[in-house]
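The values are calculated or read from the model by the stated rules, or taken from the named source; none is laboratory data. As the structure is a prediction and not an experimental result, all values here were calculated from the model. Glycine gets a Cβ as well: all are built from the backbone with ideal geometry, and neighbour counts include every protein chain shown. Heavy atoms of the whole protein, side chains included, go into the accessibility calculation; ligands, DNA and RNA do not. Shrake-Rupley method; radii C 1.70, N 1.55, O 1.52, S 1.80 Å.
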Amino acid sequence: MNARMRAAACAALLGAPALGAQTVESVRALERVGSYEQAEAAARKAVAAGGFAMLNTLGEVLRDRGKIAAAESAFVAGAASHAPDSLMALANLGRLHFDRGERARAMKEFDRFIDIYNGSGGALTSTEMTAVGIACQYLGLDNPDLFKDALKSFDRAIAIDATNAGAKVAEGELFLDKYNSADAQTAFEEVLAVDSTDPRALLGEAKRRVFDSQPGVDSLLTRALAINPNYVEAHAQRAQLLLEIEEYALAEKEASRALAVNSSSSEALAVLAAIRYVTGDMKGYEETRQRALALNPANAEFYVTMSSAASRIRLYAVADSFALMGVAADPKSWDAYGLAGMNQLRLGQIKEGKQSLDVSFKGDPYNIWVKNTLDLLDTFGNYDDTTAGKFNTMIEKAESPILSIYLRDLAERAYATFQQHYQFSPAPPIRIEVYRSHADFSVRTVGLAGLGALGVSFGRTLAFDSPAAKDAGPFNWGSTVWHELAHTFTLGLTDQHVPRWLSEGLSVYEEHHARPGWGSNVSVEFLDAFTAGKLVPVSRMNDGFMRPAYPEQVILSYHQASVVCDLIARDYGEKAILQMLLEYKAGRTTAEVFQKVLGMDLKAFDKKFDAYMRERYAGPLAALKDSLTAGTETPPAELLAAANTSPRSYRIQMLAAITLAKSGDNDAAIPLLERARDLFPEYGGGDSPYAGLAQLYAARGDNKRAADALSQYVLHNETDYAAHLELARLRTASGDSAGAADALDRAIYINPFDIAVHQELAGLYHGLGDKVKSVRERQAVVALGPADKSEAFYQLALAYHEAGDEGSARKAVLHSLEEAPSYVKAQELLLQIIDGRP
């Protein structure tokens, strides 16, 4: 297709009048498909023949080839001419001066457009209105109200000439620049609906999808580059995306391709500099930086790109440093202030972050990320911010009394565990922020609501949903804390250089070892994805997190990464994991780390992992091999016969069991669920055999088997609160106090707000003689604000007294008497404490 398009453009050029509009369009056609050398030659030929109408076009071709001085001369001449696009030449001249760091000069040139427009009486062409829009967009950097005028200008240009795709794309780019992705999408799609091969619109839509974290970016860039293989901006964008998934060698190739076409591309130079910086090539970085600054000494965008790239690969301190360099280069770089603020917050520098964001928002009130974050910071007065031990915790005041009881203890235990595992001690305090609103947590993480995750670690700053987050859904907040704190260690040990997939895999791995049942477990969907070849190979594991090909892939990738860690630990020992992290700290690539520590290349490990999956999950994989041909409408008797005919098919056992149970035939359903359980014993989803068996056993009064089924179920399911409570009830009924206490203790890390659970658990621990946990649960009852505060404080005082903590017991019993001065039992306990009686 490229060759045909170029041939058509050349034929049109050769057959066109020397100075006509068709000649300009023919040059544009050559430029569109990346034939810049031919386009330049043709444009120069036309200009030499007196074609003033070609001057602006020649300037744009020269600019795209990095011939800045020659482009400037063409734009100057074009602006002075009376050609139809002389105003566009003036706008291009202003852009060139702005990009060269001559901001004041550029703004004067753009300011001329205000007078031009006001004096035109509305008699401007579509191209001229597009030029006005470009000028207003730049002027908006100093006066944000002018962004609205830019939009009006683009709208007017389109109204004058509906075929002006350049104006429509420029409008889409403006929307995206001002964080309005919905209208940007509409603009790009309208252009592509008319011309699906418009490279600039394809790139715009690709950037829009990056903004919205939507799939399809790669295919859009591929389409754009198929049309124009020399499209500098598309190569630079692809390089950025490869950098984000830590494919540094491929990213450098893309950046180099862009620079081979235009050695003056500020965007490509910045991406190349970022690649060299993060790979430890400081000499290469400095050379690239000097190249960029030689073109524009005040190039804040260079540092903005560096900062953005660094933050996306979790180098938050580096990102903050580059953002501040951007501020120093251009004190009006609102993006640089915004990036500085966001990264300062990630580093736990709340005061400094707010100051930076305030400046950013004052300069650019359209930045929704900054606005949302500032709104969130305004709510921080509603939180308790306390420091104790190694941790600084920020918890909403209403939840702080109860959550702090468990959070600090859990965090301290996790710290001690990881300190031993990784032989590393992150400098305290580690900041932990807990958000009752999932939207607030999402804003804290990415500046926008709608994030799918429940927790995030920026290193020594963690944030996660409270267990009461209204739209977070049921989740285990205890395992989430464990997961995110593991990141603090793997990121810190490697100076933030551990690949995302390995850091996530180790966090899930650590969850599994923290407490049976914690962390993501194997599922039907996971094994189906493996069988279908939908899991990425280990050599491209970051793709599963950063460039998912389908909605469920990120979730599946968490478990897959943990299985990779299981394999490494099994065959090489956990010491190998620690050694791998140290090699990443030293700047090694993943290929180098695998070769040095594990003694094999990535392709060989891909095969090893595939074999491990088939070995570890051999039984379930075989049981899931058959696809269902029956459905819920199939008569129960036929399904029962099919299940007995295919006893090794998990799916048919489950379908038949569910259908039979619904029809009331529990006795026939139970053996089928037992078969399914034995075929896939590790599966603990809500639709697992364990959940069904527990219900059916209980229905026929077999409480022991019901309890056993629930016991296995919760060992594979960390979030089913009701199942934990039912297990505790059954264990208590059978006299198993320890089992009941364990079930309720697990339940607390799903929902800590049920006062009755804490009261029951306190009694169980008292009976078991666990004085420490008995005190903890009595503290929890008090923290939840019981109706009878006097009794709650009395019980707490009694627990302290029995644990030998007389000081705390005295304080608690006095609180009880403050609530009810005549409470006899509290009076008697106070006398016991005063007299020193046991």
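Kindly list the number of the only condition in (1) within 24 Å of G459 (Cα to Cα); (2) surrounded by 14 or more Cβ atoms within 10 Å (Cβ to Cβ) that fails for S360.
Tallying (1) within 24 Å of G459 (Cα to Cα); (2) surrounded by 14 or more Cβ atoms within 10 Å (Cβ to Cβ), S360 fails exactly one: (1).
What are the pairs with Cβ atoms under 8 angstrom where one residue, in the stretch 631-643, is farther than 13 Å from K662 by Cα and among the hydroxyl-bearing types (S, T, Y) and the other, located anywhere, is open to solvent by 50 Å² or more (accessible area, probe 1.4 Å) and modelled with pLDDT of 95 or more? Sequence gap at least six, or different chains.
none
Of the conditions (1) in contact (Cβ under 8 Å) with a residue 60 or more places away in the chain; (2) open to solvent by less than 40 Å² (accessible area, probe 1.4 Å); (3) assigned to a helix (DSSP H, G or I); (4) not charged (D, E, K, R), I395 fails just one. Which one is it?
Among (1) in contact (Cβ under 8 Å) with a residue 60 or more places away in the chain; (2) open to solvent by less than 40 Å² (accessible area, probe 1.4 Å); (3) assigned to a helix (DSSP H, G or I); (4) not charged (D, E, K, R), the lone unmet condition for I395 is (3).
Report, ordered by the first and then the second residue, all pairs with beta carbons closer than 6 Å, sequence separation of six or more or different chains, a first member in the stretch 601-612 that is at pLDDT 95 or above, and a second member that is part of a helix (DSSP H, G or I) and among the polar types (S, T, N, Q).
Filtered contacts from the stretch 601-612: D601/Q595; L602/S539; D606/S539.
Which residue, of H801, H815, is in contact with a Leu (Cβ under 7 Å, 6 or more places away or on another chain) and at pLDDT 95 or above?
One residue alone meets the criteria, H801.
Scan (1) surrounded by fewer than 22 Cβ atoms within 10 Å (Cβ to Cβ); (2) in contact (Cβ under 8 Å) with a residue 60 or more places away in the chain; (3) more than 18 Å from A309 (Cα to Cα) for the single condition Y248 breaks and write down its number.
Y248 satisfies every listed condition except (3).
In the stretch 310-339, which residues are farther than 9 Å from A300 by Cβ and open to solvent by less than 30 Å² (accessible area, probe 1.4 Å)?
A310, S311, I313, R314, L315, Y316, A319, D320, F322, A323, G338
Under the condition of being of a type in the set (D, E) and under 21 Å from L407 (Cβ atoms), which residue from the stretch 729-770 is most open to solvent (accessible area, probe 1.4 Å)?
Among residues in the stretch 729-770 that are of a type in the set (D, E) and under 21 Å from L407 (Cβ atoms), the one most open to solvent (accessible area, probe 1.4 Å) is D742.
What are the residues in the stretch 347-382 that are free of Cβ contacts under 8 Å to residues at least 24 places away in the same chain and in contact with a strand residue (DSSP E or B) (Cβ under 7 Å, 6 or more places away or on another chain), if any?
Hit for the stretch 347-382 is N382, nothing else.
Here is a list of conditions, (1) among the small types (G, A, S); (2) closer than 20 Å to E205 by Cα; (3) modelled with pLDDT under 95, and A249 meets all of them except one; can you say which number that is?
(2)
Can you find, within the stretch 176-217, the residue that is farthest from the chain's Cα centre (by Cα) among those that are open to solvent by 60 Å² or more (accessible area, probe 1.4 Å) and under 15 Å from A236 (Cα atoms)?
Among residues in the stretch 176-217 that are open to solvent by 60 Å² or more (accessible area, probe 1.4 Å) and under 15 Å from A236 (Cα atoms), the one farthest from the chain's Cα centre (by Cα) is R200.
Can you tell me how many residues in the stretch 692-725 are among the hydroxyl-bearing types (S, T, Y), more than 20 Å from S737 (Cβ to Cβ) and either open to solvent by less than 40 Å² (accessible area, probe 1.4 Å) or in contact with a helix residue (DSSP H, G or I) (Cβ under 8 Å, 6 or more places away or on another chain) (or both)?
Count: 3.
Kindly indicate whether F418 is under 26 Å from the mean Cα position of the chain (by Cα) and surrounded by 18 or more Cβ atoms within 10 Å (Cβ to Cβ).
Yes.
Can you tell me which residue is nearest to the chain's Cα centre (by Cα) among those in the stretch 278-306 that are among the charged types (D, E, K, R) and crowded, with 19+ Cβ neighbours inside 10 Å?
That would be E301.
Could you please give the count of residues in the stretch 681-691 that are surrounded by fewer than 24 Cβ atoms within 10 Å (Cβ to Cβ) and either touching a Gly at 6+ places or on another chain (Cβ under 9 Å) or over 10 Å from Y713 (Cα atoms) (or both)?
Number of matching residues: 3.
Residues checked against (1) surrounded by 19 or more Cβ atoms within 10 Å (Cβ to Cβ); (2) farther than 26 Å from A162 by Cα:
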{"residue": "A83", "(1), (2)": "yes, no"}
{"residue": "L87", "(1), (2)": "yes, no"}
{"residue": "R100", "(1), (2)": "yes, yes"}
{"residue": "M107", "(1), (2)": "no, yes"}
{"residue": "T125", "(1), (2)": "no, no"}
{"residue": "G133", "(1), (2)": "yes, no"}
{"residue": "C136", "(1), (2)": "yes, no"}
{"residue": "N143", "(1), (2)": "no, yes"}
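Could you figure out which of (1) under 17 Å from the mean Cα position of the chain (by Cα); (2) surrounded by fewer than 20 Cβ atoms within 10 Å (Cβ to Cβ); (3) closer than 19 Å to V593 by Cβ isn't true of P537?
(1)
Does S442 count as in contact with a Leu (Cβ under 6 Å, 6 or more places away or on another chain), hydroxyl-bearing (S, T, Y) and on the phi < 0 side of the Ramachandran plot?
yes
In the stretch 504-534, how many residues are touching a Lys or Arg at 6+ places or on another chain (Cβ under 8 Å) and crowded, with 19+ Cβ neighbours inside 10 Å?
The qualifying residues number 1.
Yes/no matrix, rows are residues, columns are (1) of a type in the set (D, E); (2) out of contact with any helix residue (DSSP H, G or I) (no Cβ under 9 Å at 6 or more places or on another chain); (3) modelled with pLDDT of 95 or more:
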| site | (1), (2), (3) |
| --- | --- |
| T632 | no, no, no |
| S663 | no, no, no |
| A668 | no, no, yes |
| E674 | yes, no, yes |
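Can you pull out every residue in the stretch 372-392 that is open to solvent by less than 50 Å² (accessible area, probe 1.4 Å) and either of a type outside the set (S, T, Y) or in a helix (DSSP H, G or I) (or both)?
Passing the criteria: N372, T373, L374, L376, L377, F380, D384, A388, F391, N392.
So which residues in the stretch 472-496 are touching a residue at least 40 places away in the same chain (Cβ under 8 Å), open to solvent by 10 Å² or more (accessible area, probe 1.4 Å), assigned to a helix (DSSP H, G or I) and over 24 Å from A586 (Cα atoms)?
W482, the sole residue that qualifies.
Can you tell me how many residues in the stretch 66-101 are modelled with pLDDT under 95, on the phi < 0 side of the Ramachandran plot and part of a loop (DSSP other than H, G, I, E, B)?
6
Can you name the condition, by its number, that S264 falls short on among (1) in a helix (DSSP H, G or I); (2) open to solvent by less than 30 Å² (accessible area, probe 1.4 Å); (3) not basic (K, R)?
Condition (1) is where S264 drops out.
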